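Asker: There's a structure below that I have some questions on.
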Amino acid sequence: MKKIIVLSFLLALIIPAFAQQVKPETLIKRQQRKGLTVKEWNTPAGSKQAVLDHVTTFDSLGRKIEEIEYASYGQKSRIVSEYVDPLDPASKVLREIEYNDRDKVTRIRKFEYNEDGSKKYQYNYYPSGKLESVKTFELIFKD
């Protein structure tokens, strides 16, 4: 019985740390993007030929899952986003995997969030898994 009480207490402490707070307007935006693919075209000055610049794909929950950047030779880079909870539309990005033009992993980014849902840290890893750098996000509100 003591084990159950201790376990319940620990879960009560741990679960809120992983809970994610998402603003209602963010959820509305996500609902509007369900299954959406956005193609961005660029027309150089003096040309009538539009060139594909970016393609962004959203999943059935309205979350960005892939962004591809193009150059004149084709795909320049691709970023795939993975979420903490794949079934929760309010889930935050757990990690992003960046690929080069040959579809080889060039960088892995993992994220840690504050209790309010804002980014706290971004960990950048080499494809080998070795830590490259850590980015810290500092929120400063003016009175």
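The values are calculated or read from the model by the stated rules, or taken from the named source; none is laboratory data. The model shown is predicted, which means the values in this text are computed figures rather than measured ones. For neighbour counting, all protein chains shown are included, and Cβ atoms are generated from backbone atoms with ideal geometry for every residue, glycine included.
Asker: Looking only at region 59-75, how many residues end up being part of a loop (DSSP other than H, G, I, E, B), in contact with a strand residue (DSSP E or B) (Cβ under 8 Å, 6 or more places away or on another chain) and not small (Gly, Ala, Ser)?
Answerer: So the answer is 2.
Asker: Filter region 1-58 down to residues that are part of a helix (DSSP H, G or I), of a type outside the set (Gly, Ala, Ser) and either under 17 Å from the mean Cα position of the chain (by Cα) or at pLDDT below 50 (or both), then give me how many there are.
Answerer: Residues of region 1-58 that are part of a helix (DSSP H, G or I), as a first pass: 2-18, 24-32.
After this cut, where a residue has to be of a type outside the set (Gly, Ala, Ser) as well, the list is 2-7, 9-11, 13-16, 18, 24-32.
If we keep only those that are either under 17 Å from the mean Cα position of the chain (by Cα) or at pLDDT below 50 (or both) as well, we get 2-7, 9-11, 13-16, 18, 26-27, 29-31.
Number satisfying all stated conditions: 19.
Asker: What tally of residues in region 83-140 results from selecting those that are of a type in the set (Ser, Thr, Tyr), at pLDDT 95 or above and out of contact with any strand residue (DSSP E or B) (no Cβ under 8 Å at 6 or more places or on another chain)?
Answerer: Adding up the residues that qualify gives 1.
Asker: Residues of region 93-143 being touching a residue at least 40 places away in the same chain (Cβ under 8 Å) and assigned to a loop (DSSP other than H, G, I, E, B), which ones? First the steps, then the outcome.
Answerer: In the first step, residues of region 93-143 are kept if they are touching a residue at least 40 places away in the same chain (Cβ under 8 Å); the result is 113, 115-117.
If the condition is that a residue be touching a residue at least 40 places away in the same chain (Cβ under 8 Å) and assigned to a loop (DSSP other than H, G, I, E, B), then Glu115, Asp116, Gly117 are the ones that fit.
Asker: Turning to a different aspect of this structure: Let me spell it out: the conditions are (1) surrounded by 16 or more Cβ atoms within 10 Å (Cβ to Cβ); (2) under 30 Å from Pro44 (Cβ atoms), and Asn100 meets all of them except one. Which number is the exception?
Answerer: Only one criterion is unmet by Asn100, namely (1).
Asker: Additional query: Looking at Tyr113 and the list (1) farther than 22 Å from Leu139 by Cβ; (2) touching a Phe, Trp or Tyr at 6+ places or on another chain (Cβ under 9 Å); (3) buried (at least 17 other Cβ atoms within 10 Å of the Cβ), which single condition is not satisfied?
Answerer: (1)
Asker: Does Arg78 satisfy being over 28 Å from Gln32 (Cα atoms), assigned to a strand (DSSP E or B), at pLDDT 90 or above and not aliphatic (A, V, I, L, M)? Show your work before the answer.
Answerer: On the way: over 28 Å from Gln32 (Cα atoms): no; assigned to a strand (DSSP E or B): yes; at pLDDT 90 or above: yes; not aliphatic (A, V, I, L, M): yes.
Considered against the rule, which asks whether it is over 28 Å from Gln32 (Cα atoms), assigned to a strand (DSSP E or B), at pLDDT 90 or above and not aliphatic (A, V, I, L, M), Arg78 comes out as no.
Asker: Which members of region 59-71 meet the condition of being buried (at least 18 other Cβ atoms within 10 Å of the Cβ) and over 15 Å from Glu96 (Cβ atoms)?
Answerer: If the condition is that a residue be buried (at least 18 other Cβ atoms within 10 Å of the Cβ) and over 15 Å from Glu96 (Cβ atoms), then Leu61, Gly62, Tyr70 are the ones that fit.
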